[in-house]
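K.L.:
So that we are looking at the same thing, I have put the structure below in structure tokens.
The values are calculated or read from the model by the stated rules, or taken from the named source; none is laboratory data. None of the values given here were measured: they were computed from a predicted structure. Here Cβ is always computed from backbone atoms with ideal geometry, including for glycine, and neighbour counts include all displayed protein chains. Heads up: the accessible areas ignore ligands, DNA and RNA and are worked out on the full protein's heavy atoms, side chains in. Shrake-Rupley method; radii C 1.70, N 1.55, O 1.52, S 1.80 Å.
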Amino acid sequence: MEILIRTDSAAVGATAANYFAHLIRNKPDCVLGLATGSTPIPMYRDLISMHENDGLNFSGVRSFNLDEYVGLGPGDENSYWTFMHEHLFDHVNIDEDNVHVPDGLAEDSNEACRSYEADINLAGGIDLQVLGVGTDGHIGFNEPTSSLASRTRIKSLLERTRQDNARFFSSLDAVPHHVITMGIGTVMESKCVMLLATGDNKADAIAASIEGPITAMVPATALQDHPYAILVIDEAAASELKLHDYYVEVEHNKPRWQVIDR
Ligand code: F6R
């Protein structure tokens with residue numbers, strides 16, 4: 001795992017956007033794995049600005065989102081489909097046909113999950129998957145006790161996650177109980193995974209994910225087993241890390257040729 005510690009959420013977003021831009025420039029038909037929630041918003045803002053000001057070209061890019069609420073879809077203001085269009089897709093030149101968000105309105109959800117996995121494979125797999133992390137350590141919507149080998153499927157949300165996400169809805173009752181999410185096994189097949197975390201409410205989850213034992217009780221710990229996992233976190237989210245200074249030193253001494261964030 002590579003741990004990159006930044007001052008605040010804007011700096012986390014800038015680093016993550018630099019990695020994404022680097023990939024898009026070097027592989028114009030790359031496959032991106034995307035996440036919603038508050039954490040990646042600064043990264044999406046920076047990518048839009050790179051598109052507008054530096055010509056970052058999304059025309060060949062393909063994307064797969066991690067998850068969607070069951071019962072919500074393109075017409076709903078709280079769907080992740082809508083979130084992605086508002087925060088990224090409507091502002092860059094990505095081809096709508098290349099954009100994939102799990103179908104929360106599918107009549108046959110199991111089939112929708114199977115075909116989502118098939119579509120990822122057909123695209124050649126995900127090159128770079130961005131992740132947030134829940135206060136309970138979830139990635140995607142793989143809640144604690146999710147199988148570390150799980151594939152795209154329907155999951156029930158923990159009450160804590162529904163409460164965390166209620167800020168986007170009119171009330172807690174309006175937050176769906178069920179979601180479609182890529183599995184942990186699906187995420188682990190991405191060539192590179194980049195987890196972003198900001199704020200002191202993520203500090204315990206981050207400490208457990210980086211320095212705790214691998215366990216299905218903290219799904220993000222699975223990334224310890226990934227050959228190319230990068231965690232970009234702000235000082236608040238890093239505040240419980242025992243080896244904080246070591247991670248800073250490692251980055252400081254990184255050979256120049258390894259540096260992507262400029
Ligand atoms: C979103 C997702 C979730 C969020 C996580 C953190 O697509 O899969 O795992 O990344 O719940 O959410 P925020 O960033 O709002 O704290």
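K.L.:
Filter the range 18-61 down to the residues that are under 24 Å from Phe168 (Cα atoms) and open to solvent by less than 10 Å² (accessible area, probe 1.4 Å), then identify the one that is farthest from the ligand (Cβ to nearest atom).
P.N.:
Of the range 18-61, the ones under 24 Å from Phe168 (Cα atoms) are 33-48.
Pick out the ones that are also open to solvent by less than 10 Å² (accessible area, probe 1.4 Å) and you get 33-35, 40, 43-44, 47.
On the way: Gly33: 10, Leu34: 8, Ala35: 4, Pro40: 7, Met43: 11, Tyr44: 12, Leu47: 16 Å.
So, considering only residues that are under 24 Å from Phe168 (Cα atoms) and open to solvent by less than 10 Å² (accessible area, probe 1.4 Å), the one farthest from the ligand (Cβ to nearest atom) is Leu47.
K.L.:
While we're on this one: Does the range 168-187 contain at least one residue that is within 12 Å of the ligand (Cβ to nearest atom) and open to solvent by 50 Å² or more (accessible area, probe 1.4 Å)?
P.N.:
There is at least one residue in the range 168-187 that is within 12 Å of the ligand (Cβ to nearest atom) and open to solvent by 50 Å² or more (accessible area, probe 1.4 Å).
K.L.:
Please work out which residue is farthest from Arg45 (Cα to Cα), limiting yourself to the range 61-84 and to residues that are hydroxyl-bearing (Ser, Thr, Tyr) and touching a His at 6+ places or on another chain (Cβ under 9 Å). Spell out the reasoning first.
P.N.:
Of the residues in the range 61-84, the ones hydroxyl-bearing (Ser, Thr, Tyr) are 63, 69, 79-80, 82.
From the residues that got through so far, the ones that are touching a His at 6+ places or on another chain (Cβ under 9 Å) too are 63, 69.
Values: Ser63: 17, Tyr69: 24 Å.
That would be Tyr69.
K.L.:
Read through the list (1) closer than 26 Å to Lys155 by Cα; (2) surrounded by 21 or more Cβ atoms within 10 Å (Cβ to Cβ), then give the number of the only condition that Asp76 fails.
P.N.:
So Asp76 meets the others, but not (2).
K.L.:
Kindly indicate whether Leu195 is within 12 Å of the ligand (Cβ to nearest atom) and either within 19 Å of the chain's Cα centre (by Cα) or not in a helix (DSSP H, G or I) (or both). Break it down into steps so the answer makes sense when it comes.
P.N.:
Values: within 12 Å of the ligand (Cβ to nearest atom): yes; either within 19 Å of the chain's Cα centre (by Cα) or not in a helix (DSSP H, G or I) (or both): yes.
The answer is yes for Leu195.
K.L.:
How many residues, within the range 167-191, are over 21 Å from Asp103 (Cα atoms), assigned to a helix (DSSP H, G or I) and modelled with pLDDT of 95 or more?
P.N.:
3
K.L.:
Still on this model: Tally time: how many residues in the range 214-242 are open to solvent by less than 90 Å² (accessible area, probe 1.4 Å) and either within 22 Å of Phe20 (Cα to Cα) or not β-branched (Val, Ile, Thr) (or both)? Steps first, answer last, please.
P.N.:
Our first condition is that a residue be open to solvent by less than 90 Å² (accessible area, probe 1.4 Å); within the range 214-242, this holds for 214-216, 218-224, 226, 229-239, 241.
If we keep only those that are either within 22 Å of Phe20 (Cα to Cα) or not β-branched (Val, Ile, Thr) (or both) as well, we get 216, 219-220, 222-224, 226, 229-239, 241.
Residues in the range 214-242 being open to solvent by less than 90 Å² (accessible area, probe 1.4 Å) and either within 22 Å of Phe20 (Cα to Cα) or not β-branched (Val, Ile, Thr) (or both): 19 in total.
K.L.:
Here is a follow-up. Pairs only if they're at least six apart or on different chains, beta carbon under 8 angstrom, first in the range 159-178 and of a type in the set (Ser, Thr, Tyr), second open to solvent by 80 Å² or more (accessible area, probe 1.4 Å) and within 14 Å of the ligand (Cβ to nearest atom); list them, first residue then second.
P.N.:
Taking only residues 6 or more apart or on different chains, not a single pair turns up.
K.L.:
Quick check on Phe20: is it outside any loop (DSSP other than H, G, I, E, B) and under 30 Å from Ser239 (Cα atoms)?
P.N.:
Values: outside any loop (DSSP other than H, G, I, E, B): yes; under 30 Å from Ser239 (Cα atoms): yes.
The answer is yes for Phe20.
K.L.:
Looking only at the range 16-39, count how many residues are in contact with a strand residue (DSSP E or B) (Cβ under 6 Å, 6 or more places away or on another chain) and more than 20 Å from Pro227 (Cα to Cα).
P.N.:
Final tally of qualifying residues: 2.
K.L.:
Something else about it: Does Leu148 satisfy the condition of being within 21 Å of Met194 (Cβ to Cβ) and either at pLDDT below 95 or buried (at least 22 other Cβ atoms within 10 Å of the Cβ) (or both)? Give the steps one after another, and end with the answer.
P.N.:
Working: within 21 Å of Met194 (Cβ to Cβ): yes; either at pLDDT below 95 or buried (at least 22 other Cβ atoms within 10 Å of the Cβ) (or both): no.
Judged against the criteria, Leu148 is not a match.
K.L.:
Going by the structure shown, is Asp164 near the ligand (Cβ under 10 Å from one of its atoms), among the acidic types (Asp, Glu) and open to solvent by 40 Å² or more (accessible area, probe 1.4 Å)?
P.N.:
Details: near the ligand (Cβ under 10 Å from one of its atoms): yes; among the acidic types (Asp, Glu): yes; open to solvent by 40 Å² or more (accessible area, probe 1.4 Å): yes.
Yes: the conditions hold for Asp164.
K.L.:
Does any residue in the range 85-109 that is more than 21 Å from Pro40 (Cβ to Cβ) and open to solvent by less than 50 Å² (accessible area, probe 1.4 Å) come within less than 7 Å, Cβ to Cβ, of a residue that is part of a helix (DSSP H, G or I) and modelled with pLDDT of 95 or more six or more places away or on a different chain, and which pairs are these?
P.N.:
Ala106/Ala112
K.L.:
Working carefully through the options Pro42, Pro74, find the one that is touching a helix residue (DSSP H, G or I) at 6+ places or on another chain (Cβ under 6 Å) and part of a loop (DSSP other than H, G, I, E, B).
P.N.:
Pro74
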